[in-house]
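Q: Below is one structure. I have some questions about it.
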Amino acid sequence: MSHHNIKVNDREYVVQEAYEWPLAVYLFFGGLAGALVTIGVFLYYMGLNETVVVVAILSAIISMAIAGIVLVLFELLRPFAAYRSLVNWKHSGISWDVILVSLVIGGGLLFVLPLLSDQIGTLGGITTFLSSVQWLLGGLAVLAGILFPIISGGLLSSFNSVPLWHSPALPVVFFLTSFSAGFSYLLLVSSAYFSEGMKKGFWGFIFGLSLLLILISLSYLETIKNGPVEAQLGLGILKQSKPFLYGFVLVGLVVPAILGGWLFFGSYVSGIAFIGALSVIIGGFVLRHYILKAGVHTYPWPY
């Protein structure tokens, strides 16, 4: 594999190429799925329209399935590697991600089946049993959904050979962007089922998460600026990347904060809400993709 080298003061630094767009897809769709299943379960116990709950949880299952397929085919390289990851959870960090993927898909599906009993029937009384343990299934799915962006971000930040990633801020950033994307997705696909008060409430969450994300990002930036040369080189790559500057900093960070404040504190305008929600989702993926692309090795390497 060829490597992109950066020469500084007669020393060459290597930009990592082991983790590319498939991992960004996995991180994005997995985080989105975790947020959707968590929001869906909470909306169910809030007594919201069950159609929204079903949409949220089925979307989470599909999103996590995409993440899982990408992980197995592109990252683990062999389908049976996923099984080995499941049984090797004591010794492998990626095993925790595989377990969380399984819990979100399995727990979410079993949680939502009783809500679909009119469409699929009782399945021989299975849905009756599932209804009796629905709280447990929902709890497991929510726990996995919350932990997924934190643990996946934590695994990436554990690579001390790539100083740009090696920060406790990274799991927090992944968590915030995942849940912002989850609220935004539901606003895009289920808006017709929400009252204006509920829509404003969702935008209140997005606005708050956006402000927190800006603060964490500024802290992360300051840490990198005062960090190792490799981290500063990675930051330089990000600064020179127009897709990152426009796709994340402007579209994914500034726009949601401004529009979120407008929609939460002011009048609700559907067109503006659409633009804001789409901006959040685009920014979440762009962030993951370009953070991976800007990773610069320190020595000894790899990892």
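Q: Could you give me the percent of Cα pairs per 10 Å distance bin for region 196-303, shortest bin first, beginning at zero and ending with the bin that holds the maximum distance?
A: All Cα pairs considered, the percentages come to 15, 40, 26, 14, 5, 1.
Q: Neighbour counts of other C-beta atoms within 10 Å: give me LEU32, LEU186 arranged from fewest to most. Display every interim value, and only then the final one.
A: Working: LEU32 30, LEU186 25.
Ranked by crowding around the Cβ, least crowded first: LEU186, LEU32.
Q: Among SER241, ALA257, THR223, flag the residue with its Cα farthest along the positive direction of the charge dipole of region 196-303, charges on Cβ as +1 for Lys/Arg and -1 for Asp/Glu.
A: Going by the Cα projections, it comes out as SER241.
Q: Can you tell me the dipole magnitude for region 196-303 around its Cα centre, using point charges on the Cβ only (Lys, Arg +1; Asp, Glu -1), in Debye to the nearest 20?
A: Values: 7 positive and 3 negative charges, 29 e Å.
My answer is approximately 140 debye.
Q: Let me ask something additional. With r as the distance between the Cβ atoms of ILE62 and ASN160 and R0 = 30 Å, compute the FRET efficiency 1/(1 + (r/R0)^6) and round to 0.05. Could you put the intermediate results ahead of the total?
A: Details: r = 35 Å, r/R0 = 1.16.
Computed FRET efficiency for ASN160 and ILE62: 0.30.
Q: Using per-residue counts of other Cβ atoms within 10 Å, averaged over each peptide, order 263-273, 138-148 from highest down. All intermediate terms of the calculation are to be shown ahead of the outcome.
A: Numbers: 263-273: 14.3, 138-148: 22.7.
Listed from highest to lowest mean packing, they are 138-148, 263-273.
Q: Then there's this: Consider a paramagnetic label point 7 Å from the Cα of LEU188 along Cα→Cβ; state which residues of region 12-45 have an amide N under 20 Å from it.
A: 21-41
Q: Ok, one more. Could you calculate the contour length gain from SER117 to SER102, that is, 0.36 nm times the residue separation minus the distance between their Cα atoms, to one decimal place in nm? Intermediate values should be presented prior to the final figure.
A: On the way: separation 15, 0.36 × 15 = 5.40 nm, distance 2.29 nm.
Length difference between fully extended and current span is 3.1 nm.
Q: How would you rank GLU222, GLU230, going from fewest to most other Cβ atoms within 10 Å of each one's own Cβ?
A: Starting with the residue having the fewest Cβ neighbours, the order is GLU222, GLU230.
Q: Quote the FRET efficiency, to the nearest 0.05, computed for TYR246 versus SER195 with a Förster distance R0 of 30 Å and r equal to the Cβ-Cβ distance.
A: Details: r = 34 Å, r/R0 = 1.14.
Once the sixth-power term is evaluated, E becomes 0.30.
Q: Can I ask one more? Kindly state, to the nearest 0.05, the FRET efficiency for GLU50 paired with GLN232, given R0 = 41 Å and r defined as their beta-carbon distance.
A: 0.20
Q: Sticking with this structure for a sec: Please work out the C-alpha center-to-center distance from region 156-235 to region 240-270 and express it in whole Å.
A: If we compute the Cα centre of each part, the gap is 13 Å.
No lab work stands behind these numbers, since they all come straight from the coordinates. The structure displayed is predicted, hence computed values, not measured ones. Using ideal geometry, Cβ is built from the backbone for each residue, glycine included, and neighbour counts are taken over all protein chains shown.
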